[in-house]
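Notes for the one structure printed next.
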Amino acid sequence: MANVQLTQTELQAILNYTVALAREAGLLILEGSAKIRSSGAADVKKNSVDLVTEYDVAVERLVKDRLSEKYPDFKFIGEESFAAGSRPELTDEPTFCVDPIDGTTNFIHGFPYACISLGLIYLKRPVLGVIYNPFLNQLYSAILGGGAYLEQASLPAIRLPLANPPRPLPSLSQALIGIEWGSDRSLEMVEKKGESFKRLAGDPATGVVKGKMAHSLRSLGSAALNYALVAQGGLDIYWEIGTWPWDICAGVIIAQEAGCFVAGGRDAPLDNDVNERVLWGRKHFVIRKIGDTETEKGVDAQKRLIKEFYETVEDFEPK
Ligand code: 2AM
Ligand code: CA
């Protein structure tokens, strides 16, 4: 039993506060990205490491300071603080789980898909999520039981998924699939990922063994935004190996509240329960809400496609 009890009204108040905070952090992200691109570095990736670190740390500090001032009894897990210490034990208490800048490579290059990902875990499950992409002024948010929403520019919030009723998804061959190369480019990793991508995209009629010939594959470069896009319905599926809780925490609840099915790795139970093991599991899968058809319920289609997906791709351990 947690010492701090969170009601729905309190969750809504925390959401209002964290949305404003994410927008403020977004301004800092934009400032940092512009500074990197005007620094004139020839090798933008190599020479901007210090600037990235500077802004990662600055955004995390802003968010952490504000949250600890407003919610002194809540715990905090952040990418930057984790890098400096060991894995924190998850308790039943409310715990903010924050990636100050997700999509770091995009942030450096000015590819407009980087965001702050701000989640809240309570009783060891994600219960609130805010993902803000300041480059496109898109804000995704959700609280447990309250639905997921997208606010774009100054338009009114729209409930997710955008397609209503949600479209069916009969097979992987009709899916637009989010994938990522990640940071580990060792031969083993690129071969296993590359083989998996080949099967997902390849035409079996031309000899691609296990080929699914999906509509296409997309690499957004931000785990949080991949979840947001699946919640929205713009991506049908996102599969990842290597991510950490702060990459996915906010995305998980936004996706679940948008009717998505969220799973861990190949052997994790298909129960849409993102518990501590799945959060720290580093293997993640999400599929969008699928409409019921006359012959199959949407949730059964989601589970069928997850199984088919995992039978298609390779499984491997992240570094
Ligand atoms: P980052 O941009 O903050 O580094 C890309 O695969 C996505 O996964 C990004 O959201 C990236 O976060 C995140 N990620 C973080 N660590 C990773 C890892 N070790 N392997 C793969 N992806 C990782
Ligand atoms: Ca990240």
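What follows draws every value from the coordinates through simple rules; no lab data is involved. It should be emphasised that the depicted structure is a prediction, and the values quoted were computed from it without experimental measurement. Counting neighbours? That spans all protein chains shown, and the Cβs are built from the backbone with ideal geometry, glycine included.
Tabulated values for the structure
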read-out: In sequence order, calculated HN-Hα J values of the stretch 14-24 (Karplus, 6.51, -1.76, 1.60; Hz; x Gly/Pro); value: 5, 4, 4, 5, 6, 5, 5, 5, 5, 5, 5
read-out: Across Lys210/Lys307; Lys198/Lys319; Lys198/Lys303; Lys192/Lys212, pairs whose alpha-carbon gap is larger than 20 Å; value: Lys198/Lys319; Lys198/Lys303
read-out: Share of pairwise Cα separations in the chain, more than 35 Å, in percent; value: 18 percent
read-out: R0 of 30 Å, Cβ-Cβ distance Arg277-Leu30: FRET efficiency to nearest 0.05; value: 0.25
read-out: Neighbourhood charge, 13 Å Cβ-Cβ cut-off, centred on Ser219 and excluding it, Lys, Arg +1 and Asp, Glu -1; value: 0
read-out: Burial ranking of peptide ranges 117-127, 211-221 (average Cβ count within 10 Å, highest at the top); value: 117-127, 211-221
read-out: The chain, dipole about Cα centre (Lys/Arg Cβ +1, Asp/Glu Cβ -1), debye to the nearest 20; value: 580 debye
read-out: Reachable aspartates and glutamates from Lys35, criterion Cα separation under 15 angstrom, eight or more residues apart if same chain; value: Asp43, Asp50, Glu54, Asp56
read-out: Extension gain (nm, one decimal) between Gln152 and Ala13, 0.36 nm per residue minus Cα-Cα; value: 48.0 nm
